[in-house]
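I have placed the structure first, in the form of structure tokens, so that the comments after it can refer back to it.
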Amino acid sequence: MPDLLKTLHDNPATGWLARALGLPDPVELARVDGPYGALPLDGKRALLAGAGGYGAGALAAALTAAGAAIDQGKGAVDIVVFDGTACRTPGDCRALYDTFHAARIATNGRVLIVAAPPVLAQDPVAAATARGIEGFSRSLGKELGRKGITVNLAYVAPDAVDRLDGVVRFFCGRQATYVSGQAIDVTATVVMQSTTQALPALAGKVALVTGAARGIGMATAARLVQEGATVVCLDVPAASQALHETCRTLGATALVLDIAAADAPARLCDFLRERFGGVDIVVHNAGITRDRSLAKMPATDWDLVLAVNFGAIAGVDEALLATGLLRDGGRVVCLSSISGVAGNFGQANYATSKAALIGYVAARAPALASRGIAINAVAPGFIETPMTERMPFMPRELGRRLNSLKQGGQPRDAAELIAFLCTPGSGGITGNTIRVCGQALVGA
Ligand code: NAD
């Protein structure tokens, strides 16, 4: 469906009014619909800036390996990568100003800033400088969002620079369309066999996506199929028809199951053992809302939301780990929400469940790392799906516009981030929660 504000701005009869009222004019976001391929940054001009840090060599190698041309000349570039790992004093921050004050970045461009983790700094001023870079990158994202440019920051430990390959491929690529203003931690804690991405990225992997009959789950299943995975799509009996239709289209396997049922973990484990012998990727996407202010909320709505959005996930993971069905080198992704980051009126139940998942992935990650398993959460902002379609007009329009890109995301934007976190190349990232929200003001 065309964007209402874009239509108003582009029509000569109404464009003047839209401008006079100061209505946002959202830029058309560039998207790709396909697998990463060997050279996802092919044809892109990249500026690599920052000097003397430990990240520069790995960043140059990652950009080149992904097909980008590193270009220190004048003119607009598609990508700016800044190595801030040498920034330790307030004076060092000047390099950020010098680089980005002068940089000309094309519409739908990408900025990736790399910094040393503040917790590893030798002194408080160096730690504060590293933290200051986060404020810079979030501000830059807010300024450049009107051109569809996304800006993200990776805190990279010195022993994890060899994990930057996947980070560069995703955050400098088209797949990061709706991911902006994020600060992620890249570490070497997850054991990795190889840091080189084989293609197709998920060949030979078995993936489970819950709530996959529609929306973000369906888009995720489609992306995982594109990357070569064998995908099991799970959804409730009431969505059985849509689920089978999705599976027919994607060439995926359907599993009709209410994930919150008491026997769901056992039935799921039996299914995965008998059909596939195990599972490599689990995307806990199924989720529901039952919005009411707390004073008016029936206890049944509290219980149901906590059971589906949180209890079921913990139950399934415990069963998959206890039975050994989740294989070494696996990936687990939980769908949180910016409501879980910031809280939301009328969503005390939902925000509790989604915030719990932020804590859950952080708490689960350390014990899984030695088996090469990474677990992360993805927190969508406003994504155009049947869930957000049901919102009343005003909150819907506010949710859609109050972000740096001035528009809602598409299910595939969330699917891109989820799919990246399912690939072997994301092995530097675990215990993180990454928002896919166009840098929403809520929860920013
Ligand atoms: P959606 O309502 O369009 O789809 C959710 C799917 O989950 C449906 O197919 C539904 O049948 C299934 N489901 C619900 N309960 C289930 C259960 N007990 N067992 C199995 N399947 C079940 O939702 P969406 O917008 O695609 O959201 C997907 C996830 O992303 C959810 O966890 C949601 O909370 C989260 N999220 C979405 C948004 C957004 O803007 N759409 C924002 C933040 C978070």
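The values are calculated or read from the model by the stated rules, or taken from the named source; none is laboratory data. Computed from a prediction, not measured in an experiment: that's the story for all the values here. A quick note on method: Cβ atoms are made from the backbone with ideal geometry, for glycine too, and the neighbour counts reach across all protein chains shown.
Could you please find all residues in segment 226-247 being within 29 Å of G37 (Cβ to Cβ) and either more than 24 Å from the chain's Cα centre (by Cα) or in a helix (DSSP H, G or I) (or both)? Result: Q226, E245, T246, C247. Restricting the first member to segment 315-336 and to residues that are touching a residue at least 12 places away in the same chain (Cβ under 8 Å) and in a strand (DSSP E or B), and the second to residues that are among the hydroxyl-bearing types (S, T, Y) and within 15 Å of the ligand (Cβ to nearest atom), the beta-carbon pairs closer than 7 Å and six or more apart or on different chains are C334/Y360.
Among the residues of segment 116-132, is there at least one that is at positive phi and surrounded by fewer than 19 Cβ atoms within 10 Å (Cβ to Cβ)? There is no residue in segment 116-132 that is at positive phi and surrounded by fewer than 19 Cβ atoms within 10 Å (Cβ to Cβ). Checked against the criterion of being of a type in the set (K, R) and under 28 Å from G278 (Cα atoms), the candidates R327, R400 yield just one match: R327. Just checking, does segment 424-443 include any residue being surrounded by fewer than 20 Cβ atoms within 10 Å (Cβ to Cβ) and touching a helix residue (DSSP H, G or I) at 6+ places or on another chain (Cβ under 8 Å)? Yes, the conditions are met somewhere in segment 424-443.
Regarding segment 275-288, can at least one residue be identified that is more than 10 Å from the ligand (Cβ to nearest atom), in a helix (DSSP H, G or I) and within 29 Å of T230 (Cα to Cα)? Yes; the residues of segment 275-288 include at least one that is more than 10 Å from the ligand (Cβ to nearest atom), in a helix (DSSP H, G or I) and within 29 Å of T230 (Cα to Cα). The set of residues in segment 305-321 that are closer than 22 Å to T189 by Cα and either among the β-branched types (V, I, T) or surrounded by fewer than 22 Cβ atoms within 10 Å (Cβ to Cβ) (or both) comprises D317, E318, L321. Of all residues being within 15 Å of the ligand (Cβ to nearest atom) and touching an Asp or Glu at 6+ places or on another chain (Cβ under 7 Å) in segment 196-236, which is nearest to G329 (Cα to Cα)? Just the residue, please. By that ranking, first place goes to R223. Only residues that are in contact with a Gly (Cβ under 6 Å, 6 or more places away or on another chain) and either surrounded by 18 or more Cβ atoms within 10 Å (Cβ to Cβ) or under 30 Å from I149 (Cβ atoms) (or both) were counted across segment 193-214, and they come to 5. Quick one: which of E389, E397 is within 13 Å of the ligand (Cβ to nearest atom), modelled with pLDDT under 95 and more than 26 Å from Q226 (Cα to Cα)? Of E389, E397, the one residue that is within 13 Å of the ligand (Cβ to nearest atom), modelled with pLDDT under 95 and more than 26 Å from Q226 (Cα to Cα) is E389.
Selection of segment 155-171 for residues being surrounded by 24 or more Cβ atoms within 10 Å (Cβ to Cβ) and either farther than 18 Å from A66 by Cα or not assigned by TED's automatic domain parsing to the domain that holds A62 (or both) yields Y155, V156, A160. Within segment 343-361, residues that are in contact (Cβ under 8 Å) with a residue 60 or more places away in the chain and assigned to a helix (DSSP H, G or I) reach no partner that is among the basic types (K, R) and within 11 Å of the ligand (Cβ to nearest atom) with beta carbons closer than 6 Å at six or more positions or on different chains.
For A262, only one of the following conditions fails: (1) outside any loop (DSSP other than H, G, I, E, B); (2) more than 9 Å from the ligand (Cβ to nearest atom); (3) surrounded by fewer than 16 Cβ atoms within 10 Å (Cβ to Cβ). What is its number? Among (1) outside any loop (DSSP other than H, G, I, E, B); (2) more than 9 Å from the ligand (Cβ to nearest atom); (3) surrounded by fewer than 16 Cβ atoms within 10 Å (Cβ to Cβ), A262 violates only (1). Filtered by the rule that a residue be touching a residue at least 60 places away in the same chain (Cβ under 8 Å), of a type in the set (A, V, I, L, M) and either within 23 Å of A355 (Cα to Cα) or surrounded by fewer than 15 Cβ atoms within 10 Å (Cβ to Cβ) (or both), segment 265-287 gives I281, V282, V283, A286. Applying the criterion of being out of contact with any Cys (no Cβ under 8 Å at 6 or more places or on another chain) and not aliphatic (A, V, I, L, M) to the residues of segment 368-386, the residue that is farthest from the ligand (Cβ to nearest atom) is S370. The listed residues are L417, L405, and the only one of them that is of a type outside the set (V, I, T), in a loop (DSSP other than H, G, I, E, B), surrounded by 22 or more Cβ atoms within 10 Å (Cβ to Cβ) and more than 9 Å from the ligand (Cβ to nearest atom) turns out to be L405. Put simply, of G73, G57 the only residue that is loosely packed, with under 13 Cβ neighbours inside 10 Å, within 16 Å of V156 (Cα to Cα) and in the same structural domain as Y178 (by TED's automatic domain parsing) is G57.
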